[in-house]
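Laboratory data are not the source of any read-out in this text; all were calculated from the coordinates shown. Please read these numbers as outputs of a predicted model, since none were measured by experiment. Here the Cβ is made from the backbone with ideal geometry for all residues, glycine too, and neighbour counts use every protein chain on show.
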Ligand code: CA
C-alpha cells in the first residue's frame, strides 16, 4: 500500500486519477496549488508525487526545485503535449519521470509502478557487498554512495542506480534502450531523452570537465560506456 500525492489544480483530473489509483490499492493525497502541494510533499506522508506543471501560487518547476533541496521522493511531472521543453526542464530540475496529457490510466499506473518499484527495491536491497573501487571512484553499496577521490558525490537515487549499472559492466557499451529498460524499469515509449538528460547531469557530477568527459563516454550511434 503506497500513498500517491497528486498536485493538480483541475479537480476533474484529480477525481479521475484518484478514483482509478484507489482501485489499484493506492492511498491518495491531493493539493490544488503548488504551495499546499509542496508542504504535503515535504510532510513525508507520500511515497510518490504526481506533479502538474501549470499550477496556481507556485508552478510545478518551482515546487520541484524546492522539494529537491531536501527530498528525493520519486516525482512524475505531468506536462501538456505541446510543451516539449517542459519535459526536459522537469528532468533537469530533478523529476524522475514525466507523463504527457492526455494519458491513459494504464500508462500512468505503469509509470507509478516502475518508479515505486525502484524505491522498494532500494529499501530492501540485500545482501550487501564490500565497496568497489573504479579508478578515482569508490562505490559503497551499504551507504549507497559514490565518492570521487574521497569526496562524496551528491547523486539522486536514479543517478546512483545508473552508476552502479555501468560499474558492474566495465567498458561495455550500454544502449539508451537498455538503460531505460533496466534502470528506469519499464519499456520506453519511443522517447529516450530522459536518458540523455540523466547522462548529461551525471557527467556534470562525475567529470572534471563535462564537455570533455574522461569516464562516462559516448559511443556514437551505440550508447554509453564507462571507462575507469
Ligand atoms: Ca494545471
If one takes the longest principal axis of the Cα atoms in the chain, at what angle in degrees, from 0 to 90 and to the nearest 10, does the Cα axis of helix 84-93 lie? 60
Extending each Cα 7 Å along its Cβ direction at residue 143 and residue 19, get the distance between those two points in nm, one decimal. 5.0
Taking every DSSP bridge whose two residues both lie in the chain, the antiparallel percent to the nearest 5 is 45
Give me Rg over Rh for the chain, both radii from the alpha carbons and Rh done the Kirkwood way, two decimal places. 0.97
Separation of the residue 101 and residue 153 label points, Cα + 7 Å toward Cβ, nm: 3.6
What Kirkwood radius, in Å to one decimal, follows from the Cα pairs of the stretch 3-124? 14.1
Tilt, helix 193-206 to longest principal axis of the chain (alpha-carbon atoms), in degrees rounded to tens, equals 50
Test of understanding: what is the full-extension gain from residue 227 to residue 168, defined as 0.36 nm times their sequence separation minus their Cα-Cα distance? 20.1 nm
Extension length gain for residue 66 and residue 10 (0.36 nm per residue less Cα distance), in nm, is 17.9 nm
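Counting other beta carbons within 10 Å of each residue's own, what order do 58, 226, 1, 77 fall into, fewest first?
Numbers: 58 18, 226 23, 1 6, 77 26.
Listed from fewest to most nearby Cβ atoms, that is 1, 58, 226, 77.
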Helix 105-123 versus the longest principal axis of the chain: what is the Cα-based angle in degrees, 0 to 90, to the nearest 10? 50
Send over the semi-axes of the stretch 132-226's equivalent ellipsoid, whole angstrom and largest first, taken as the square roots of 5 times the C-alpha gyration tensor eigenvalues. 21, 15, 12
Contour minus end-to-end for residue 84 and residue 54, with contour as 0.36 nm per residue of separation and end-to-end as the Cα-Cα distance? 9.4 nm
